[in-house]
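Values quoted throughout were computed directly from the atomic coordinates according to the rules given, and no laboratory measurement underlies them. This one's a predicted model, so the numbers in the text were calculated from it and none came from an experiment. Cβ placement follows ideal geometry from the backbone for every residue including glycine, while neighbour counts extend to all protein chains displayed.
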C-alpha cells in the first residue's frame, strides 16, 4: 500500500531509479502537460519498465507532487535569510534569483500546477500550503520591520501587502516563462521586482 504521498515504499537516500523517474518526468513536462504524458513514457525515459515505475510511485500525479516538493523546498530555503532578519535588499534579490532559476528550469511544470483549474488533490494541497506559509512568513517579516521602524507603516496591512507582492511575483515569473521573455534570463525581471518590493516595503531601493 502507498503512503499518503502515493509512494509504494520509502526509498533509500539517493535511490538512482527514483531520481531517474523524476528527471524523466521533468523533461517530458517541459514539452507537454501531465495529461498528455504516459507512465510508459516516463518509465522509458528513466530506463525502467512501467511495472517498475509503480514500485516507486502510485500515479503520475505523485511524481508531479514529488517534483513540486523539491521546487518549493528550494524556494523556501532561499527565503530563510530574509525571513530570519537578513539584510533586506540583497536577501530579497537572492530569493528572486532563485525564483528566476526555478521558473527557467520548470516553467511549464509550475504553470500547470498554479494555473490548472482542476489539479490533483495532493498537488493542490502542497501548492496551497506553501502559498499560505509564504504569505504568513512575509507578512510576519514586514510586521517585524514596521515595529522596528525600518519598514513603511501601513496601510495596507502586512498580510494584504504580503499577499499582493507574492501574487505579483508569481504572475510576473509565470508570464515571463510562458512567453520566453529574455528578462527572465538576463536579470532584468529580478532587478525590477527587487526594486518594487523594496520600495513597497521599505520606501527605498
message: Suppose a student asked you for the relative contact order of the stretch 16-58, using Cα pairs under 8 Å spaced at least 6 residues apart; what percent would you report?
response: 43
Inter-site label distance for residue 30 and residue 50 at 7 Å from Cα along Cβ, in nm: 2.6
- prompt: Of 77, 175, 195, which has the largest mean-square fluctuation in a 10 Å C-alpha GNM of the chain?
  reply: 77
field: Helix 60-83 axis, angle to the chain major axis (alpha carbon atoms, nearest 10°)
entry: 30
message: Could you list 87, 140 so that the one with the fewest beta carbons within 10 Å of its beta carbon is first and the one with the most is last?
response: 87, 140
- request: Give the angle, between 0 and 90 degrees and rounded to the nearest 10, that separates the Cα long axis of helix 158-179 from the longest principal axis of the Cα atoms of the chain.
  value: 50
statement: Using alpha carbon centers only, the stretch 149-205 is separated from the stretch 15-90 by a whole-angstrom value of 26
statement: Across 166, 101, 179, the residue with the highest GNM fluctuation in the chain (Cα network, 10 Å cutoff) is 179
Separation of the residue 117 and residue 175 label points, Cα + 7 Å toward Cβ, nm: 2.2
task: Compute the relative contact order of the chain as a whole-number percentage, counting only Cα pairs closer than 8 Å that sit 6 or more residues apart in sequence.
output: 20
Backbone N within the stretch 186-205 under 12 Å of label point (7 Å from residue 164 Cα along the Cβ vector): 197, 200-201
message: Let me check against my output: what whole-number percent is the relative contact order of the stretch 80-159, with C-alpha pairs under 8 Å and at least 6 apart?
response: 24
- request: Can you tell me how much longer the chain between residue 204 and residue 131 gets when fully stretched, taken as 0.36 nm per residue apart minus their C-alpha distance, in nm with one decimal?
  value: 23.6 nm
query: Length gain on complete extension for the stretch residue 89 to residue 186, per 0.36 nm per residue less the alpha carbon to alpha carbon distance?
result: 33.0 nm
